[in-house]
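What follows is one structure encoded as structure tokens, with my remarks underneath.
The values are calculated or read from the model by the stated rules, or taken from the named source; none is laboratory data. Everything numeric here is computed off the predicted structure, so don't read it as measured data. All Cβ positions, even for glycine, are placed from backbone atoms using ideal geometry, and neighbour counts span all protein chains on display. Quick note on the areas: whole protein, heavy atoms, side chains included, nothing else; ligands and nucleic acids left out. Shrake-Rupley method; radii C 1.70, N 1.55, O 1.52, S 1.80 Å.
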Amino acid sequence: MSTLIVVGAQWGDEGKGKIVHLLGKKADVIVRYQGGNNAGHTVVFDGKKFVLHQIPSGILQPGRRCVIANGVVMDPWALREEVRFLESQKIKVKGRLFISAWAHLILPYHRYLDALRESGKGKIGTTKRGIGPAYSDKVGRVGIRLADYMDPAAFKELVEQNLQAKSPLLTSLVSLDDLRKETFKDYDDLRAFFAEYIAETPTLLADALAKKKNLLFEGAQGTMLDVDFGTYPFVTSSNPIAGAACVGSGVGPAAIDEVLGVVKAYTTRVGDGPFPTELKDAFGDQLRERGQEFGATTGRPRRCGWFDAVVVRHAVRINGLTRLALTKLDVLEGVDPIRVCVAYKVDGKIVKEFPASRRAQATAEPVYKNLPGFSEPVKGITEYKKLPKAAQAYVAFLAKEVGVPMALISMGRSRDETILVDKKFRWIP
Ligand code: IMP
């Protein structure tokens, strides 16, 4: 038996979808433990491109069980749509997807409140999927969990309490009557839909552990979007970091064996907020085009910049990363020199660790080390030793600088465009 948590070590969009799909071959159960349909995990499978938002990308591995655990916030309509889409693509979902009775729901008023906040001064560039308001309700103890959604009397009462309490904000956008209609739209049909998938997921996971199954926990977003350890307040409202896999699924910390951090060979971020190595020039635009850096959920262009070892070192510590997976190395073909940020200058002082203060985060100036580029194509190479020497040196430098070994290198979206570096990593298929 083995348990593995896969997390994003930057600002999300590191390419976790493909890595989870690849390693998911060894998994019996794949678990999403936080976030909601703000995520967009892109996987190419059987020559088709799938973008999954709420369902673990492990669903594309035939026969595996997938869990949407308690730490996730779910949009019922969007989730039904995702299941229908998968079924239309002949992916079997029934009997393989288990949705936690303990998970909270995203309801239409959460989307309105998200949009309202994004229209004002406190804007942070959210995906406008209602994520922040749904998590606020959860910790504010007025959220609605799937178990209570399934009980019509309880659901009606909870919705009414929420609408009344939130009406001063909501009625500037929509009437309560219209909102009631939206909230109860397709209610019977959605309850029937959820009845097929609702489960006591903590028990299911405990059983799987007792039977020595392999469990893979799939993080969404990334460490720098973590509500505790990211670039607050420009973060998401959950904890994408590894520690949250336990809280978000009801599995105890002693059950976790490995934590794999996924990093892109450069850095990207969507939405507003600090990004010390951002390239606001033509080369940044070039990286975006070459790496096709456009949001999988919102289509927004991603901001692009150099690899930031300060960020990844922070991720290594916060997540307790044991190994790394490097993605999109091919996008750097022909770039010379390749720059890596190894420290920041803040108020004239050199800092090696990511600072907490929002002013320091916003004003940090990167200190770069230049590395020789490689012009030979790397896409299609499947052995580390066959990579150009400069590409090998770049990979080795990153691993040394952040202090964690590289387990695999991915180029391109398909599974065979991968170099398995560490043969001892037992999750390698
Ligand atoms: P929210 O999660 O929609 O509240 O958005 C908060 C911040 O997280 C914004 O900067 C979003 O762009 C960012 N974000 C949320 N989900 C993702 C993701 O899956 N990938 C990258 N950025 C994300």
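Note on the range 104-192: the C-alpha convex hull projects to 5.8 nm² when averaged across all orientations.
What the phi angles of the range 14-23 give under the Karplus curve with 6.51, -1.76 and 1.60, with θ = phi - 60°, is a coupling list of 7, x, 5, x, 5, 5, 5, 4, 5, 6 Hz, glycine and proline written as x. Looking at the chain, the accessible area is 40 square angstrom per residue; that uses a 1.4 Å probe and ignores ligands, DNA and RNA. Gain on full extension, evaluated as 0.36 nm per residue between Arg300 and Glu196 minus their Cα-Cα distance, stands at 34.0 nm. Once the Cβ-Cβ distance of Ala210 and Glu383 is raised to the sixth power relative to R0 = 45 Å, the FRET efficiency obtained is 0.70.
Counting only other residues whose beta carbon sits under 10 Å from that of Ile5, what net charge do I get with K and R as +1, D and E as -1? Local charge sum for Ile5: -3. For the range 67-123, the alpha-carbon radius of gyration amounts to 1.44 times the rule-of-thumb value 2.2 N^0.38 Å expected for a compact globular protein. By the helix-only formula, in which each DSSP H run with n ≥ 4 contributes -39500 (n - 2.57) and the sum is divided by residues, the chain has a 222 nm mean residue ellipticity of -9500 deg cm²/dmol. The simple spin-label model puts a point 7 Å past each Cα toward its Cβ; for Leu176 and Glu81 those points are separated by 2.8 nm. Cross-link check: pairs Lys138/Lys213; Lys94/Lys185; Lys16/Lys212; Lys121/Lys280; Lys48/Lys123 evaluated at a Cα-Cα cut-off of 29 Å; pairs beyond the cut-off: Lys138/Lys213; Lys48/Lys123. The calculated FRET efficiency for Tyr187 paired with Val139, based on their beta-carbon distance and R0 = 25 Å, is about 0.45.
Excluding same-chain neighbours fewer than eight residues apart, the aspartates and glutamates reachable from Lys211 by a Cα-Cα span under 19 Å are Asp28, Glu200, Asp257, Glu258.
In this rough spin-label picture, where each label sits 7 Å from Cα along the Cβ direction, the Met150-Val247 distance is 2.5 nm. Ranking Gly143, Ala154, Ile131 by how far each Cα lies toward the positive end of the dipole of the range 104-192 (charges on Cβ) leaves Ile131 at the top.
Relative to the 2.2 N^0.38 Å rule of thumb, the range 307-413 has a C-alpha radius of gyration ratio of 1.15.
Rounded to whole Å, the principal axis extents of the Cα atoms in the range 119-242 read 52, 39, 22, largest first. Spread over its residues, the convex hull of the C-alpha atoms of the chain is 136 Å³ per residue. Put a dot 7 Å past the Cα of Ala360, heading toward its Cβ, do the same for Glu157, and the two dots end up 4.9 nm apart. Restricting the range 185-278 to GluC sites (Glu not before Pro) that sit in a DSSP loop and have at most 13 other Cβ atoms within 10 Å of their own Cβ leaves Glu196.
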